[in-house]
Amino acid sequence: GILDCITVDGIQQCSNPCKIYTVLNDAWRSTNNHVGNKHCDRNVRWDGYYRMFIGNQSVSMPDKCVDSFKCGTQAPLWLAFPPPQQVDEIVQSAVCASFNGDCCWVQSQPIHVKACPGNYFVYKFVMPPGCYFAYCACKSQQQPQQQPPQQQQPRQHKPL
């Protein structure tokens, strides 16, 4: 499904999370950040979908293990499954918290991830199980595909 729907007072309300999302712009969430205060996403009132930025650059949640004490927290949260490959696809992904050398020391609540046109993802973040857990961000290794890969153009043979 392209839309995200919630029921309010018995009435279903739907929106496209690629168009309606909250910007989450926290430089401390970077996988390169291993200093500073310990942040905890349990203290955030999560609501709906979020698009992550670091500065003016759109970033994504890592889908590889992140060492503890990175991303401005003790136990960084990362996606345990790859993000969706096709634009407008929504997947539910397990989320792991890494700590003390264990990549999936705690499994946090799963989240929904949507691939959007324009090469970015939006995430339906939820409250993690405790502190200090925080969602990580990194410059994207993954890009959603706009369409299935095009057939390669036949190479032009130059006359000899």
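In the range 1-19, how many are modelled with pLDDT of 90 or more and exposed (fewer than 14 other Cβ atoms within 10 Å of the Cβ)?
Going through the range 1-19 one residue at a time, the tally reaches 1.
State which residue is nearest to Met127 (Cα to Cα) when the search covers only the range 19-63 and only residues that are of a type in the set (Lys, Arg) and in contact with a strand residue (DSSP E or B) (Cβ under 7 Å, 6 or more places away or on another chain).
So the residue we want is Arg42.
Across the range 49-72, what is the number of residues that are on the phi > 0 side of the Ramachandran plot and in contact (Cβ under 8 Å) with a residue 60 or more places away in the chain?
Residues in the range 49-72 being on the phi > 0 side of the Ramachandran plot and in contact (Cβ under 8 Å) with a residue 60 or more places away in the chain: 2 in total.
Please specify each residue of the range 118-130 satisfying the condition of being surrounded by fewer than 19 Cβ atoms within 10 Å (Cβ to Cβ) and at pLDDT 95 or above.
Val126, Met127
Considering only residues that are surrounded by 14 or more Cβ atoms within 10 Å (Cβ to Cβ) and of a type in the set (Gly, Ala, Ser), look in the range 28-55 and name the one that is modelled with the highest pLDDT.
Checked the range 28-55; the qualifying residue modelled with the highest pLDDT is Ser30.
Among (1) part of a loop (DSSP other than H, G, I, E, B); (2) out of contact with any helix residue (DSSP H, G or I) (no Cβ under 9 Å at 6 or more places or on another chain); (3) among the polar types (S, T, N, Q), there is one condition Asn33 misses while meeting the rest; what is its number?
Among (1) part of a loop (DSSP other than H, G, I, E, B); (2) out of contact with any helix residue (DSSP H, G or I) (no Cβ under 9 Å at 6 or more places or on another chain); (3) among the polar types (S, T, N, Q), the lone unmet condition for Asn33 is (2).
Spot the failing condition for Thr7; the list is (1) under 15 Å from Phe133 (Cβ atoms); (2) of a type outside the set (Asp, Glu); (3) in a strand (DSSP E or B), and only one is missed.
Here Thr7 clears every test but (1).
The values are calculated or read from the model by the stated rules, or taken from the named source; none is laboratory data. A quick note: this is a predicted structure, and the numbers were derived from the prediction, not measured. Note that each Cβ is placed from the backbone with ideal geometry, even for glycine, and that neighbours are counted across all protein chains shown.
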